[in-house]
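Structure record follows, encoded as structure tokens.
The values are calculated or read from the model by the stated rules, or taken from the named source; none is laboratory data. Fair warning: this is a prediction, and the values are worked out from it, not measured in the lab. Heads up, the Cβs are rebuilt from the backbone with ideal geometry, glycines too, and the neighbour counts pull from every protein chain shown. Each accessible area value is taken on the protein alone, full model and side chains, heavy atoms only, with ligands, DNA and RNA left out. Shrake-Rupley method; radii C 1.70, N 1.55, O 1.52, S 1.80 Å.
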Amino acid sequence: MADTTNNGPVLAADGTPLKKSLSRALRRQKLRALGLVAPLLIFVLVTFVVPIGDMLLRSIKNDIVVDTLPETVSQLSAWDHEGTELPNDTVWTSFYIDMWFAAERKQHTRLGTRLNYEMTGVSSLFRKTGRRVDRFDTDIYADQFIALDESWSQPQSWAAMLDDGPAAQELALTARSWERWKEFNVEEGDKVLEEDIPDFLYTALYHDLTNGAEVASMSPRLSAASAAAPDFETVNLPEQFADADEDWLDIEVWRTLQLYSPRITPGYFANAADLQLTPDGIEARPENQQIYATLFKRTLFMSLVIMGSCILLGYPVAWLLANLPARTANLLMILVLLPFWTSLLVRTSAWKVMLQQQGVINDVLVWLGLVADDARLTMINNQFGTIVAMTHILLPFMILPMYSVMQTIPQTYLRAAKSLGATNWTAFWRVYFPQSVPGIGAGSILVFILSIGYYITPEIVGGNTGTFISNRIAYHISSSLNWGLAAALGTILLAVVLVLYYAYDKIVGIDNVKLG
């Protein structure tokens, strides 16, 4: 480092100010450290943070209704769901236009599946209507408009009227439908000016002209259409939809559609909590439909029982591992780790074979005379089978943390306690056991967290009474495809685990948990 004058800055060997040189060196060091941990951070972000964020979003997201039926949702918002009247003609016309686009894009089946989660039978309702909507008798409007003026059949005249002219403001529904028709042709790779005008555009035009559109002064053609439209032969859209499926005349269908039209819905969380979203607010479900609270309670109870079983069975094994001679302890450790070398599915299936009524355990009990042959024990497809199989599977996760802690406890502590007059039990309970508690805590957290999210073993050996909430989540993800409800159940399960973790930290102290 070079000398400087009394008033000048301290310089490094290369002539730069020392403070600046040190800052640059520290910045390089931090960037180097960040580069080393960046792969792990990216991995955690992609595989953990992003999926959890997506799960939280799916549990409240409900875009499919408004994206598929934009006109219907807009008009249906003003409908009085408490009344006994079906929606007005504007809603039916909007619904017809939306259903035409949904059927062409094959989106009506997805929408039906979504709403079928809330009202049984809606899925088939949308499928039937999607097959019929392009055969509605609305071509009668096209015939009457074309009879007035042949130019109504030419796409160029529609483009001139709705793309640049003032008529678009008065013919609002027609203009919006025209824009959607153009977007649809772009998606299909077609040119809108070369396609025939679809019937729904004539239907929208008739609706606008008969509902106060002031277009008489805009062009002779519009003036003639506006004057003639009130005398047109009409099509009853409710009857057209009823011909496809009479359930469209059920007011509950429209209440469900209105109820689940917002983009954000609490409906998934309501269902996950054995509640239901109704037009009057959130209400409790009938008792015969309340299953999720029972599953959550069962999951927590059985996870605690499995954790307790692992503690009772694992503590003596961990103590032997920590206190036996090294050669014997190593052999015992191999036996503890041996299950990891076997497939989880194989171990679970083995318990299914052993616990069934004609299985090995029942055969041995009958042979010993402890159980009558006609009164064999039912140990499978229930909670007992799940607890036994999962205790066996998760036992190593309890033994290893306890062993790592016990290995650090000096044996001289026990000898000192005995030399001061303590019995074997007193020396163990007052000296050894308190020092092993951090290992018990670490193993308990590990086993409890693993068991609360298990679903393969309960699915195989649990039957109807031994399955967990995770089995229901897996069902909604892979079978019913109700990802929103699965996300809500997963979010509630995550919240329960975090609350229990917080309570554990307050009662025991997470700082007291050790792995060695």
| task | Return yes when residue 58 is closer than 30 Å to residue 187 by Cβ, modelled with pLDDT of 85 or more, open to solvent by 50 Å² or more (accessible area, probe 1.4 Å) and not acidic (Asp, Glu) and no when it is not. | result | yes
| query | If we keep just the residues of the range 225-247 that are without any contact (Cβ under 8 Å) to a residue 60 or more places away in the chain and part of a helix (DSSP H, G or I), which is surrounded by the most Cβ atoms within 10 Å (Cβ to Cβ)? | reply | 229
| task | Scan the range 270-280 and give yes if some residue there is open to solvent by less than 60 Å² (accessible area, probe 1.4 Å), assigned to a loop (DSSP other than H, G, I, E, B) and without any contact (Cβ under 8 Å) to a residue 24 or more places away in the chain, otherwise no. | result | yes
| query | For the range 424-443, does any single residue satisfy the condition of being open to solvent by 30 Å² or more (accessible area, probe 1.4 Å), closer than 30 Å to residue 486 by Cβ and at pLDDT 90 or above? | reply | no
| request: Can you tell me which residue within the range 298-338, out of those that are small (Gly, Ala, Ser) and within 42 Å of the chain's Cα centre (by Cα), is farthest from residue 402 (Cα to Cα)? | output: 303
| field | Residues being under 30 Å from residue 229 (Cα atoms) and either without any contact (Cβ under 8 Å) to a residue 60 or more places away in the chain or of a type in the set (A, V, I, L, M, F, W, C) (or both) - total across the range 103-130 | value | 2
| Looking at the range 455-478, is at least one residue in contact with a helix residue (DSSP H, G or I) (Cβ under 8 Å, 6 or more places away or on another chain), basic (Lys, Arg), touching a residue at least 40 places away in the same chain (Cβ under 8 Å) and open to solvent by 50 Å² or more (accessible area, probe 1.4 Å)? | yes
| Among the residues listed as 125, 162, the single one being within 30 Å of residue 65 (Cα to Cα), of a type in the set (A, V, I, L, M) and in contact with a Gly (Cβ under 7 Å, 6 or more places away or on another chain) | 125
| Test for residue 327: is it open to solvent by less than 40 Å² (accessible area, probe 1.4 Å), among the charged types (D, E, K, R) and either closer than 30 Å to residue 276 by Cβ or part of a helix (DSSP H, G or I) (or both) | no
| Could you list, in sequence order, the residues of the range 73-91 that are surrounded by 15 or more Cβ atoms within 10 Å (Cβ to Cβ) and under 21 Å from residue 280 (Cα atoms)? | 73, 74, 75, 76, 79, 81, 86, 87
| Residues satisfying the stated conditions in the range 75-132, i.e. part of a loop (DSSP other than H, G, I, E, B) and over 20 Å from residue 262 (Cβ atoms) | 83, 84, 85, 86, 88, 105, 106, 120, 121
| message | If residue 205 satisfies all but one of (1) of a type in the set (A, V, I, L, M); (2) surrounded by fewer than 16 Cβ atoms within 10 Å (Cβ to Cβ); (3) part of a helix (DSSP H, G or I), what's the number of the condition it fails? | response | (2)
| said: Of everything in the range 163-186, what is β-branched (Val, Ile, Thr) and open to solvent by 40 Å² or more (accessible area, probe 1.4 Å)? Give them in sequence order. | reply: 186
| task | Tell me which residues, restricted to the range 45-92, are in contact (Cβ under 8 Å) with a residue 24 or more places away in the chain and aromatic (Phe, Trp, Tyr). | result | 79, 92
| query | So which pairs qualify, if the first residue must be in the range 134-145 and surrounded by 21 or more Cβ atoms within 10 Å (Cβ to Cβ), the second must be aliphatic (A, V, I, L, M), the Cβ gap must be under 6 Å, and the two must be at least 6 apart or on different chains? | reply | 138/235
| Out of all the residues in the range 27-38, is one or more at pLDDT below 85 and among the basic types (Lys, Arg)? | no
| task | Can you tell me which residue within the range 281-310, out of those that are outside any helix (DSSP H, G or I) and open to solvent by 40 Å² or more (accessible area, probe 1.4 Å), is farthest from residue 498 (Cα to Cα)? | result | 286
| Is it the case that some residue within the range 187-196 is assigned to a loop (DSSP other than H, G, I, E, B), in contact (Cβ under 8 Å) with a residue 12 or more places away in the chain and buried (at least 18 other Cβ atoms within 10 Å of the Cβ)? | no
| message | All but one of (1) at pLDDT 85 or above; (2) surrounded by 14 or more Cβ atoms within 10 Å (Cβ to Cβ) hold for residue 219; state the number of the condition that does not hold. | response | (1)
| query | Does residue 351 meet the test of being assigned to a helix (DSSP H, G or I) and more than 19 Å from residue 444 (Cα to Cα)? | reply | yes
| Is there a residue in the range 386-394 that is open to solvent by 40 Å² or more (accessible area, probe 1.4 Å), under 30 Å from residue 348 (Cβ atoms) and in contact (Cβ under 8 Å) with a residue 12 or more places away in the chain? | yes
| said: Please list, ordered by residue number, the helices (runs of 4 or more DSSP H) wholly in the range 422-516 having 2 or more residues that are under 19 Å from residue 405 (Cβ atoms) and touching a Lys or Arg at 6+ places or on another chain (Cβ under 7 Å). | reply: 433-452
| query | Restricted to the range 399-421, and to residues that are in a helix (DSSP H, G or I) and of a type in the set (Ser, Thr, Tyr), which residue is farthest from residue 437 (Cα to Cα)? | reply | 419
| Verdict on residue 350 being under 26 Å from residue 490 (Cα atoms) and either of a type in the set (A, V, I, L, M) or open to solvent by less than 20 Å² (accessible area, probe 1.4 Å) (or both) | no
